[in-house]
1. Would you point out which residue out of D246, D267 is in a helix (DSSP H, G or I) and open to solvent by 20 Å² or more (accessible area, probe 1.4 Å)?
2. Has the stretch 138-146 got at least one residue that is under 21 Å from the mean Cα position of the chain (by Cα) and closer than 16 Å to P227 by Cα?
3. Of the residues F155, F82, which is outside any helix (DSSP H, G or I), of a type outside the set (D, E, K, R) and at pLDDT below 95?
4. Under 6 Å by Cβ, and 6 or more places apart or on different chains, what pairs join a residue from the stretch 166-193 that is open to solvent by less than 10 Å² (accessible area, probe 1.4 Å) with one that is assigned to a helix (DSSP H, G or I) and of a type in the set (G, A, S)?
5. When you look at E147, is it open to solvent by less than 10 Å² (accessible area, probe 1.4 Å) and not hydrophobic (A, V, I, L, M, F, W, C), yes or no?
6. Is it fair to say P262 is buried (at least 18 other Cβ atoms within 10 Å of the Cβ) and either closer than 18 Å to Y175 by Cβ or of a type in the set (D, E, K, R) (or both)?
7. Evaluate the following for T270: is it over 15 Å from H188 (Cα atoms) and among the β-branched types (V, I, T)?
8. Report whether or not T133 is at pLDDT 90 or above, farther than 18 Å from C236 by Cα, of a type in the set (S, T, N, Q) and in a helix (DSSP H, G or I).
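The values are calculated or read from the model by the stated rules, or taken from the named source; none is laboratory data. If you're wondering where the values come from, they're calculated on a predicted model, not measured in any experiment. Note that we place each Cβ from the backbone using ideal geometry, even for glycine, and neighbour counts take in every protein chain shown. Keep in mind that these areas ignore ligands, DNA and RNA; they rest on the heavy atoms of the full protein, side chains included. Shrake-Rupley method; radii C 1.70, N 1.55, O 1.52, S 1.80 Å.
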Amino acid sequence: MAISTSAMSFGTSVSSYSCLRAGSFEKSSVLCNSQNPFRFNSLFSIRKSDGSSRSSVSRKSCRVRATLLRENKEEVVVEKSFAPESFPGNVRGGSNGGPPDDSSSNGLEKWVIKLEQSVNILLTESVIKILDTLYHDRNYARFFVLETIARVPYFAFISVLHMYESFGWWRRADYMKVHFAESWNEMHHLLIMEELGGNAWWFDRFLAQHIAIFYYFMTVLMYALSPRMAYHFSECVESHAYETYDKFIKDQGEELKNLPAPKIAVDYYTGGDLYLFDEFQTSREPNTRRPKIDNLYDVFMNIRDDEAEHCKTMKACQTHGSLRSPHTNPCDESEDDPGCPVPQADCIGIVDCIKKSVTDTQVSKR
């Protein structure tokens with residue numbers, strides 16, 4: 001029986017986000033015109049050959065990816081999705097983690113997301129003002145504090161997801177893998193700053209560690225109530241880290257080129273198994289980014305670009321279920337193989353998890 005290709009084509013992919021620098025390139029702020037993050041395209045194409053049909057799967061179309069950056073040797077443009085004044089006109093069809101638009105829920109959803117983003121911006125700007133006051137002329141100490149804080153959200157995400165797994169509410173391994181890889185990357189940033197002397201003062205260690213403790217419990221609570229809000233807050237933090245490193249490179253680039261790279265940076269970026277280095281970069285194919293480290297300038301360029309990758313991943317996470325590990329193989333088995341479409345339990349926040357758990361229990365008793 002003939003099967004129509006258009007009738008059998010289905011799938012989702014994330015559309016590109018067009019990002020433009022605001023004003024001159026020297027400014028680190030970024031404006032982004034985000035478009036609908038979901039569109040339907042051909043994932044499985046059905047072809048006829050000798051009276052039979054088979055499916056052909058494209059790896060790129062099977063994975064839902066984060067927003068792509070524009071890159072060259074000297075710059076990485078990273079999107080900023082959290083300007084509240086630009087939000088209402090840009091949310092369409094589930095953007096920023098919301099459901100597809102409909103007349104009954106779209107207005108409330110926009111208001112909730114705008115509130116979440118506004119709170120996140122207020123929190124982020126408050127911390128930035130404190131850091132600007134304490135570290136306006138102490139770059140390495142500031143970077144040490146930033147990297148101590150930047151690791152915390154990924155610990156918190158994994159903690160909550162482990163709890164969900166214990167109750168049988170969550171079965172999505174990609175999230176666990178990617179968040180661990182992100183924490184591994186941030187840990188090496190921290191080790192680099194320690195080797196550069198950023199943790200030399202007792203006060204800096206005390207401040208960073210106590211902020212991290214508070215940040216951890218705050219993120220756990222936020223992630224349990226609204227994963228979208230927690231991911232957006234982490235995007236705000238990573239975006240600030242990107243801008244901080246970008247400004248530092250522009251201001252002191254020539255001096256950095258004459259300084260040697262720390263050994264820990266050379267080992268992390270160029271030696272050994274780079275599986276985890278590829279794992280947190282969800283918008284890239286594995287093995288496509290291999291940094292060259294010749295001096296301290298190269299180290300900070302790569303740290304800055306890492307922060308841009310974190311921003312893209314956090315942006316993708318705000319659309320529920322869109323995160324995929326770069327190493328996840330697409331389902332390339334035939335349609336007759338029942339092992340391909342394995343259902344995975346998941347939920348959006350602890351309230352949704354409990355609600356689904358109660359519903360499933362009631363259904364199983366019938």
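1. Just one listed residue meets the conditions, D267.
2. no
3. Among F155, F82, only F82 is outside any helix (DSSP H, G or I), of a type outside the set (D, E, K, R) and at pLDDT below 95.
4. Cβ pairs passing all conditions: E186/A150; I192/A265.
5. yes
6. no
7. For T270, the condition - over 15 Å from H188 (Cα atoms) and among the β-branched types (V, I, T) - is not met.
8. yes
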